[in-house]
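The values are calculated or read from the model by the stated rules, or taken from the named source; none is laboratory data. Since we're looking at a predicted model, the values are computed, not measured. So basically every Cβ, Gly included, is an ideal-geometry build from the backbone, and we count neighbours across all protein chains shown.
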């Protein structure tokens, strides 16, 4: 197993946990929802298929078609984590409409 | 790009090589891995900055997969740790995917699609040079105070001792990486169609619908939609998975039977209504059914439930352990928890109720609709419940030992097809619900990956992952040879019965599977703690011919006439003791005398009920279930509690 220097090494986005508000902001909420809509989308546009000269067919996953583990917090404070690959269901989980 | 990345890494002093069979190359990308926030080493992770700890933890996950798999080409994993945000209700922890899928491999023209890492392994060269094989993305927002309060923080320790409420990064990564390695179906369960233009992926070709008796590549889109909701009737069909399941999964699928049958209630494992039982296979229990009062058995003094199987709500304010402890203290023998699981979907993870439950009170769970029907029925008439287990059936596999896959109709479709059923015990890495205490074991997941093409290369003369030896053509099962044909060294567990071994089924040796050859290479037998074929109970060293209510040393149940006074007997074998183990009173010829689980103390129920004017709270001698009654208020209470809980969750 090897670890190789990252591509975006020069980019440093500092953040400070202690400066975060204790409440989840609408912006952060929308960010999370937008991400699952994109990452779990099953829109065919997310795939690019091509045939190579030797006959092999290659499908490049450009976007979407991912599995995501989502943790949700119930009213009693308990947490559950479930893996899904469907955007609307993931969004419902993050909106608290489904465990 | 792979070589260029490696060279760059070495120049920067970042590249590290760990002995592994599959060489995973981690390419950390972005700010998440360079986060310089100082942190203390945790759980064996010696990183002193947050970025370093992230990199080390993820590297450990890759190391685990690297040791389990083998591949002649490096597997390049692009990893990012961006802020993906969170909501007041939760957050994405992580996600992964295969970078490419490839079909028409040399020698497999017309075959299914393979994730690129697997395609490389099969053809023995890197088909996707300059491209990663997998991508994994983990959510840095989970470490922020605002999100950590909702989602719990990340646990970067590598010891799998995850503090309560935190998220084990390695476990999440192992799970998501498995999807990227091929444990994923390309079919959309909503439409039944493949995401690819020319067929399906290799994993999907192993999905077998037991009702339609077809693999998924043989099903039409409409048939797949049906199959995706075929709860507990969808399995992964693969030799490695089947073989490993027999050795890894516990036996004793719980059963709940009610006598006489309750109208409109079908209790069958196939439809998931009976979720789990505890120690079911070891000792069946029977008793009259009574309703708990209070309904959760926790919020006040409990009614008289001695000798009974109690129907109760899995209340939000009462831990299941507390409920069982309180019922046990009152002498209950069994519990039927009514949980908020739709009957047509696999329930939430309910290990709490079953496997590993230390309580003496056996427990099963049923769905809300079934629970209400039962509750109403037992307020009208007397019913006896028996909690037992199918000794030969594996928890999480079909009768052939093929692992069940998560199917759901329709509530949890987003987890369907590409996960194991949540019934599996012990819990598995690829269950839809992430379970704690995994010890970072790749369990049956590895067997599934082998079935789709990550198979071992035993016999090629090179020592591969999970091989103890490999002498190529010199591998032999004959006595005195150093390496077996399955690449195991001679000895118990090599799959060859030799010397003083009574049996040896290799990986199928098991100390929990019914009838299996034990890991000591001795045949299953009475007294080994597992109910084997021909046994009706087996409590291991607790089997006794003199202690009351225990399984006998010949693995038969306690019964009237065995000379031991059991809890539902007044006497047994002593002068003056009746044939039904009562003292003095005339015998009731209608009461069976051979099954201690369904006799006294409620045998004179008819007389009692007449005497008391048919009080609804009295069921075969068990009094005190004052809640509810013929007016159905118990069911109303259940519904109200269910509604309240949903409201709280909303």
- [ ] Report whether or not residue B:52 is within 9 Å of chain A (Cβ to nearest Cβ) and more than 24 Å from residue B:116 (Cα to Cα).
- [x] no
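Residue-by-condition table, conditions (1) within 7 Å of chain B (Cβ to nearest Cβ); (2) surrounded by fewer than 17 Cβ atoms within 10 Å (Cβ to Cβ); (3) touching a helix residue (DSSP H, G or I) at 6+ places or on another chain (Cβ under 9 Å); (4) at pLDDT 90 or above:
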{"site": "A:2", "(1), (2), (3), (4)": "yes, no, yes, no"}
{"site": "A:10", "(1), (2), (3), (4)": "no, yes, no, no"}
{"site": "A:13", "(1), (2), (3), (4)": "yes, yes, yes, no"}
{"site": "A:22", "(1), (2), (3), (4)": "yes, yes, yes, no"}
{"site": "A:30", "(1), (2), (3), (4)": "no, yes, no, yes"}
{"site": "A:35", "(1), (2), (3), (4)": "yes, no, no, yes"}
{"site": "A:39", "(1), (2), (3), (4)": "yes, no, yes, yes"}
{"site": "A:47", "(1), (2), (3), (4)": "yes, no, no, yes"}
{"site": "A:50", "(1), (2), (3), (4)": "no, yes, no, yes"}
TODO: Go through the stretch B:55-88 and count every residue that is within 7 Å of chain A (Cβ to nearest Cβ) and either under 21 Å from residue B:454 (Cβ atoms) or in contact with a helix residue (DSSP H, G or I) (Cβ under 6 Å, 6 or more places away or on another chain) (or both).
DONE: 9
Open item on the list: So, in the stretch B:144-163, exactly how many residues are more than 8 Å from chain A (Cβ to nearest Cβ) and either surrounded by 17 or more Cβ atoms within 10 Å (Cβ to Cβ) or touching a helix residue (DSSP H, G or I) at 6+ places or on another chain (Cβ under 6 Å) (or both)?
Closed with: 8
TODO: Give the residue that is nearest to residue B:135 (Cα to Cα), with candidates limited to residues of the stretch B:195-209 that are in contact with a helix residue (DSSP H, G or I) (Cβ under 8 Å, 6 or more places away or on another chain) and modelled with pLDDT under 95.
DONE: B:195
Open item on the list: Please determine whether any residue of the stretch B:177-186 is assigned to a helix (DSSP H, G or I), out of contact with any helix residue (DSSP H, G or I) (no Cβ under 7 Å at 6 or more places or on another chain), within 9 Å of another protein chain (Cβ to nearest Cβ) and at pLDDT 95 or above.
Closed with: yes
Task: Condition met for residue B:530 (crowded, with 21+ Cβ neighbours inside 10 Å and either under 23 Å from the mean Cα position of the chain (by Cα) or under 20 Å from residue B:249 (Cβ atoms) (or both)) - done: yes
Task: Of all residues in the stretch B:22-49 being within 11 Å of chain A (Cβ to nearest Cβ) and assigned to a strand (DSSP E or B), the one that is farthest from the chain's Cα centre (by Cα) - done: B:29
- [ ] State which residue is nearest to the chain's Cα centre (by Cα) when the search covers only the stretch A:54-79 and only residues that are more than 7 Å from chain B (Cβ to nearest Cβ) and surrounded by fewer than 18 Cβ atoms within 10 Å (Cβ to Cβ).
- [x] A:63
TODO: Please specify each residue of the stretch B:110-133 satisfying the condition of being out of contact with any helix residue (DSSP H, G or I) (no Cβ under 8 Å at 6 or more places or on another chain) and more than 7 Å from every other protein chain (Cβ to nearest Cβ).
DONE: B:110, B:111, B:116, B:119, B:120, B:123, B:124, B:125, B:132
Open item on the list: Tell me whether the stretch B:550-559 contains one or more residues that are over 20 Å from residue B:286 (Cα atoms) and under 34 Å from the mean Cα position of the chain (by Cα).
Closed with: yes
Task: Residue satisfying all of: in the stretch B:245-279; in contact with a strand residue (DSSP E or B) (Cβ under 8 Å, 6 or more places away or on another chain), part of a helix (DSSP H, G or I) and at pLDDT 80 or above; farthest from residue B:422 (Cα to Cα) among these - done: B:246
Task: For residue B:206: the one exception among (1) within 12 Å of another protein chain (Cβ to nearest Cβ); (2) touching a residue at least 40 places away in the same chain (Cβ under 8 Å) - done: (1)
Task: Residue identified as under 30 Å from residue B:203 (Cα atoms) and assigned to a loop (DSSP other than H, G, I, E, B) among B:461, B:499, B:480 - done: B:461
TODO: Name every residue in the stretch B:187-240 that is in a strand (DSSP E or B) and more than 21 Å from residue B:400 (Cα to Cα), in order of residue number.
DONE: B:187, B:194, B:201
- [ ] Being more than 7 Å from every other protein chain (Cβ to nearest Cβ) and farther than 18 Å from residue B:139 by Cα is the filter; apply it to the stretch A:80-98 and report the residue that is surrounded by the fewest Cβ atoms within 10 Å (Cβ to Cβ).
- [x] A:97
TODO: State whether the residues of the stretch B:296-312 include one that is surrounded by fewer than 21 Cβ atoms within 10 Å (Cβ to Cβ), modelled with pLDDT of 85 or more and more than 27 Å from residue A:77 (Cβ to Cβ).
DONE: yes
